[in-house]
1. So, R0 is 25 Å and r is the distance between the beta-carbons of residue 336 and residue 392; what FRET efficiency does that work out to, to 0.05?
2. Which length gain, in nm to one decimal place, applies between residue 191 and residue 243 when the Cα-Cα distance is subtracted from 0.36 nm times their residue separation?
3. Can you tell me how much longer the chain between residue 427 and residue 304 gets when fully stretched, taken as 0.36 nm per residue apart minus their C-alpha distance, in nm with one decimal?
4. From the P(r) of region 247-290, could you give the percentage of C-alpha pairs in the tail past 13 Å?
5. Sorted by mean Cβ packing within 10 Å, highest first, what order do the peptides 342-351, 295-304 take?
6. If we count other beta carbons within 10 Å of each Cβ, what is the order of 288, 49, fewest first?
7. Hey, fewest Cβ within 10 Å first, where do 78, 58 land in order?
8. Taking neighbour Cβ counts within 10 Å as the exposure measure, how do 414, 445 sort from fewest upward?
């Protein structure tokens, strides 16, 4: 009796099992695919501010020495997520949040996921779910075979139900586990906020915003088919903890709020246009943030001379603000005054407390535009300095390749191009340019060895 079922049902069972496995694997692999394809935004000022938000939280979570990168995503939705050792924050979240505390609460929640090892635990849960799905599929397939051999349609139909139900059970098991982890991360976030003397009211406001959006949408949501708890449940669970905290009414420091407002108008001007920036600035009339946004909007959409005058006024008010100098450099580059722009960028680099790698690259671009042999050599130095601080700046390698090419250093240009492709994830192209660079280099020298590293690189398929 068993010899025929093996030959008859094995293909169907394998197909059905593979579909269930693919669904489970997709939950895991989609994280990596999304992390590789997200539209990343780079800005020295905003990155420095978000790192300042995160630093005390990471310390409280025991993550201060774990080298967690913060990545800005060009997306208008209010969202943040973690993958590996990277925390992704949407620009939509940064612009929508009215206070630093709202974003700090989001960071604290994501820190809870990292500190709790939730990604690895989710992978373990996925493995268990796969096993559940396989067992259910085989049981269902066995019932279908039994129905076929006894000519019982009812038994065969029941077998299909067992198999399909197994997939549903596995999916619900994973989602239930994720909801549990979300609640755990919420509680961890409150612990970190208390440890750093900050309020949890920003978290509550965020969940209230989600609840309001869900109510306005009119959508009927099955709470057992989502990966996050319903907003009303999160609010209910957190409300007592937040209001018991001695820091519940603590407001953000005025200087931090000012930086937050400046960030918001910057995102509005660059990401959403002049009208969005104007609407936001009307809510903060006369403030430094509003004048900063006005200068940026004038630079992007108005008169260059007027933009420069407005930026010079900002610099007069805060002469040690590196990002006002950066804006001045941007304006002067647009006005085709690269030498003056280089001076402004040099001041920005010297004033930058965060030592961003982006600013030296901007300085290098201005020096390249000056176009003299001496300025090109200085450009190479500055761009390399910037890449030394921020090695994954793929655009920076393109500028470096151009500078090397103009100086006649073709192997250096080829290697810089290889680096740019490498950090963009175009590994095949990276290897091609690395091999081309090696052909013109002395074997064993540092640049030859770096090219060999790129040639030998084998990307991992696992989530780290």
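1. Efficiency for this residue pair is about 0.25.
2. Stretched out fully, the residue 191 to residue 243 stretch lengthens by 17.4 nm.
3. My answer for the length gained is 40.2 nm.
4. When all Cα pairs of region 247-290 are counted, 54 percent exceed 13 Å.
5. Top of the packing list down: 342-351, 295-304.
6. 288, 49
7. 78, 58
8. Ordered by Cβ neighbours within 10 Å, fewest first: 445, 414.
We did not get these values from a lab; they are worked out from the coordinates using the rules stated. Not measured: the values here are computed from a predicted model. Glycine gets a Cβ as well: all are built from the backbone with ideal geometry, and neighbour counts include every protein chain shown.
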